[in-house]
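Reviewing the structure listed below.
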Amino acid sequence: MKIHVYYIGKPRDQNANSMADEYIKRCSRYACTEMREIQPDRFDPWIKHPSAKKILLDPAGKTQDSAQFTKLIAKAEEESRDIVFIIGGADGLPANWRDRGELLLSLSALTFPHEFARVILAEQLYRAFTTLRGHPYPR
């Protein structure tokens with residue numbers, strides 16, 4: 001299983017970048033994990049990752065608690081299926097992408113910068129992996 005976290009927009013906040021990078025690095029102990037910027041007009045995740053589960057982050061999406069998110073990661077591991085997470089930019093996701101994802105996910109009912117969304121998602125990925133491995137981190 002591989003996890004790809006793609007985001008739209010320049011990562012300007014160096015503190016948020018460092019935090020997200022640290023959690024992605026920690027996740028890499030458990031699965032091949034990458035995070036990078038994309039430009040929707042030059043990148044199509046459905047072509048690049050045809051068999052991966054596409055999860056699009058959007059404020060209007062379904063909310064999950066950490067236990068539900070962990071089950072999502074566990075199922076992907078059981079199926080040996082890659083996951084692609086896509087975080088929209090300041091203007092959200094491209095209009096033609098929202099209906100194509102397998103899951104539209106909201107991290108919170110609160111509004112925060114997309115840089116923070118990357119940190120929160122990366123931390124939740126790490127929390128899921130450590131929960132599944134019985135690591136003490138999620139206590």
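In the set (1) open to solvent by less than 90 Å² (accessible area, probe 1.4 Å); (2) over 16 Å from residue 5 (Cα atoms); (3) β-branched (Val, Ile, Thr), the condition left unmet by residue 111 is number (1).
Please work out if residue 8 is under 29 Å from residue 139 (Cβ atoms), touching a residue at least 40 places away in the same chain (Cβ under 8 Å) and among the β-branched types (Val, Ile, Thr). Here the answer is no, as residue 8 does not meet what is asked. For residue 5, the conditions (1) open to solvent by 20 Å² or more (accessible area, probe 1.4 Å); (2) among the β-branched types (Val, Ile, Thr); (3) assigned to a strand (DSSP E or B) are fulfilled apart from (1). The set of residues in the range 23-47 that are in contact (Cβ under 8 Å) with a residue 12 or more places away in the chain and either open to solvent by 50 Å² or more (accessible area, probe 1.4 Å) or under 15 Å from residue 89 (Cα atoms) (or both) comprises 26, 29, 30, 32, 34, 35, 36, 37, 38, 39, 40, 43. Tallying residues that are of a type in the set (Val, Ile, Thr) and farther than 24 Å from residue 29 by Cα within the range 103-139 yields 1. Scanning the range 83-93 turns up at least one residue that is at pLDDT below 90, charged (D, E, K, R) and open to solvent by 60 Å² or more (accessible area, probe 1.4 Å). Of all residues in the range 12-31, those satisfying the criterion of being under 15 Å from residue 121 (Cα atoms) and at pLDDT below 95 are 16, 17. Suppose we keep only residues that are part of a strand (DSSP E or B) and out of contact with any Asp or Glu (no Cβ under 8 Å at 6 or more places or on another chain) within the range 48-82. Which one would you say is least open to solvent (accessible area, probe 1.4 Å)? Selected residue: 56.
The values are calculated or read from the model by the stated rules, or taken from the named source; none is laboratory data. None of these values were measured; they are calculated from a predicted model. Positions of Cβ are backbone-derived with ideal geometry, glycine not excepted, and every protein chain shown enters the neighbour counts. Only protein heavy atoms, including side chains, enter the accessible area calculation; ligands, DNA and RNA are left aside. Shrake-Rupley method; radii C 1.70, N 1.55, O 1.52, S 1.80 Å.
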